[in-house]
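Inspection log for the structure reproduced underneath, given as structure tokens.
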Amino acid sequence: EAKKQEGNSFAFYDEAHTVKMNRAFNVKTALQQADFDRDFALHYQPVIDVQTGHVVGAEALLRFSHATLGRVSPGEFIPIAENNGLILSIGEWVLRRACRDIGPLIEMMSDRFKLAVNVSIQQLESRTFPFALKAILEETQFPQDRLVLEVTEETSVSHSERVKETINQIKSYGVDISIDDFGTGYSSLEKLHHLKVDQLKIDQSFIRELDETTAIVRAILAMGESLGLSIVAEGVETKDQLDFLKTTTCDYVQGYYFSRPLTFKDFQSFLSNKT
Ligand code: C2E
Ligand code: MG
Ligand code: MG
Ligand code: MG
């Protein structure tokens, strides 16, 4: 009887696995056939100065909407795009779109305002990425020193020499590097120092359970401070979380408490209501 049940649960696992593979295949096909300008959109989430409450930046977040699959979340389609090399062309589209959208607004914003764009490790491993980035900055006339590229902690500590070279080249343009989802990976002080990053973004899991993670958050803040990095707290949803962060050296906050990621149009309205 027990044997039989085991067999059944294995068959069940197998079926679930097949469903998952089919879904991944469908998403991959949808991405391959996508008309980027029609099916992709960038939403923008404001980045706020903890102490003054001023908007000091925006993070571009990619949205994908497909005729039959409907909306697919980046949590699902980004890893699939990363597995298929598709992330390279998608990543260039994201950079160009973001620079075109935000470029014209930059002059009206405070001189601290920065645009943050997420990049995947495959982009940093590509020899052509720095040239593509440079071309996009020139074509859109986007001021280099107002761009921040966010790389996950995992990416940044991968020992690849290529990634290190790419990061150095990008930094030589005046573009900043931020370590996203910080605290979930295994970076050491030494590696962070070596990579010469500019910013850490504390992973939202630590902000969500601040009661249990206060010590960790304080340790990250102290580490950032000692390395001279700016610190962003992600996933701030409540006033209590903000009030705590106000008592620390955290520089910037992002989260639903201030705003969800907005369409470009709504982001523009958000800015004009603020000023
Ligand atoms: P991320 O870069 O860490 O972005 C933060 C995620 O948290 C976003 O999810 C954002 O919508 C969500 N978020 C913001 N504030 C809150 C909050 O207060 N509470 C909660 N629960 N969530 C909040 P999203 O847009 O679904 O993106 C997920 C991930 O997909 C991103 O995480 C990033 O790693 C990746 N991604 C998104 N756009 C791009 C892109 O253009 N290129 C690449 N390579 N990755 C991207
Ligand atoms: Mg990010
Ligand atoms: Mg993050
Ligand atoms: Mg600081």
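The values are calculated or read from the model by the stated rules, or taken from the named source; none is laboratory data. What you are looking at is a predicted structure, and each value in this text was computed from that prediction instead of being measured. Glycine also receives a Cβ, built like all others from the backbone with ideal geometry; neighbour counts cover every protein chain displayed.
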Checklist entry - Is there a residue being buried (at least 18 other Cβ atoms within 10 Å of the Cβ), at negative phi and within 16 Å of ligand 3 (Cβ to nearest atom) anywhere in region 185-196? => result yes
Item to check | Evaluation of GLN254 against (1) closer than 27 Å to ILE102 by Cβ; (2) surrounded by fewer than 17 Cβ atoms within 10 Å (Cβ to Cβ); (3) within 16 Å of ligand 2 (Cβ to nearest atom) (one fails), failing number | outcome: (2)
Item to check | Filtered residues of region 81-106 (kept if out of contact with any Pro (no Cβ under 9 Å at 6 or more places or on another chain) and surrounded by fewer than 18 Cβ atoms within 10 Å (Cβ to Cβ)) | outcome: GLU82, ASN83, ASN84, GLY85, SER89, TRP93, ARG100, PRO104, LEU105
Next on the checklist: Anything in region 42-64 that is within 18 Å of GLY103 (Cβ to Cβ) and over 16 Å from the mean Cα position of the chain (by Cα)? List them, or say none.
Outcome noted: VAL55, VAL56
Next on the checklist: Being among the β-branched types (Val, Ile, Thr) and in contact with a Lys or Arg (Cβ under 6 Å, 6 or more places away or on another chain) narrows it down to one residue among VAL232, VAL236; which is it?
Outcome noted: VAL232
Next on the checklist: Please go through region 145-169 and give me each residue that is modelled with pLDDT of 95 or more and crowded, with 20+ Cβ neighbours inside 10 Å, ordered by number.
Outcome noted: ARG146, LEU147, VAL148, LEU149, GLU150
Item to check | Residue list for region 217-253, restricted to those being aromatic (Phe, Trp, Tyr) and touching a strand residue (DSSP E or B) at 6+ places or on another chain (Cβ under 8 Å) | outcome: TYR252
Checklist entry - Quick one: would you say PHE131 is aromatic (Phe, Trp, Tyr) and in a loop (DSSP other than H, G, I, E, B)? => result no
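Going by what's in this entry, would ASP240 be described as touching a residue at least 12 places away in the same chain (Cβ under 8 Å), farther than 20 Å from SER110 by Cβ and surrounded by fewer than 14 Cβ atoms within 10 Å (Cβ to Cβ)?
For ASP240, the condition - touching a residue at least 12 places away in the same chain (Cβ under 8 Å), farther than 20 Å from SER110 by Cβ and surrounded by fewer than 14 Cβ atoms within 10 Å (Cβ to Cβ) - is met.
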Checklist entry - Does region 148-156 contain at least one residue that is assigned to a loop (DSSP other than H, G, I, E, B) and either under 23 Å from PRO79 (Cβ atoms) or of a type outside the set (Asp, Glu) (or both)? => result no
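Being under 23 Å from GLY255 (Cβ atoms) and small (Gly, Ala, Ser) is the filter here; which residues of region 188-222 pass it? Walk me through how you get there before you give the answer.
Restricting attention to region 188-222, the residues satisfying the condition of being under 23 Å from GLY255 (Cβ atoms) are 197-222.
Residues satisfying the conditions are SER205, ALA215, ALA219, ALA222.
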Checklist entry - loosely packed, with under 12 Cβ neighbours inside 10 Å, in contact with a helix residue (DSSP H, G or I) (Cβ under 9 Å, 6 or more places away or on another chain) and farther than 30 Å from PHE131 by Cβ - does that describe any residue in region 220-237? => result yes
Checklist entry - out of contact with any Cys (no Cβ under 8 Å at 6 or more places or on another chain), in contact (Cβ under 8 Å) with a residue 40 or more places away in the chain and not aromatic (Phe, Trp, Tyr) - does that describe any residue in region 209-229? => result no
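Let's see how each residue does on (1) away from ligand 4 (no atom under 13 Å from the Cβ); (2) more than 22 Å from the chain's Cα centre (by Cα); (3) hydroxyl-bearing (Ser, Thr, Tyr):
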residue: ASP198; (1), (2), (3): no, no, no
residue: LEU210; (1), (2), (3): yes, no, no
residue: VAL236; (1), (2), (3): yes, no, no
residue: ASP266; (1), (2), (3): yes, no, no
residue: SER272; (1), (2), (3): yes, yes, yes
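Would you check if GLY228 is on the phi > 0 side of the Ramachandran plot, away from ligand 4 (no atom under 13 Å from the Cβ) and not β-branched (Val, Ile, Thr)?
Numbers: on the phi > 0 side of the Ramachandran plot: yes; away from ligand 4 (no atom under 13 Å from the Cβ): no; not β-branched (Val, Ile, Thr): yes.
Answer is no for this residue.
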Checklist outcome for this item: Among helices (runs of 4 or more DSSP H) entirely within region 164-275, at least 1 residues that are out of contact with any Phe, Trp or Tyr (no Cβ under 6 Å at 6 or more places or on another chain), basic (Lys, Arg) and under 30 Å from SER126 (Cα atoms) occur in 189-195
Item to check | Filtered residues of region 207-219 (kept if in contact with a helix residue (DSSP H, G or I) (Cβ under 9 Å, 6 or more places away or on another chain) and within 25 Å of HIS194 (Cα to Cα)) | outcome: ILE216, VAL217
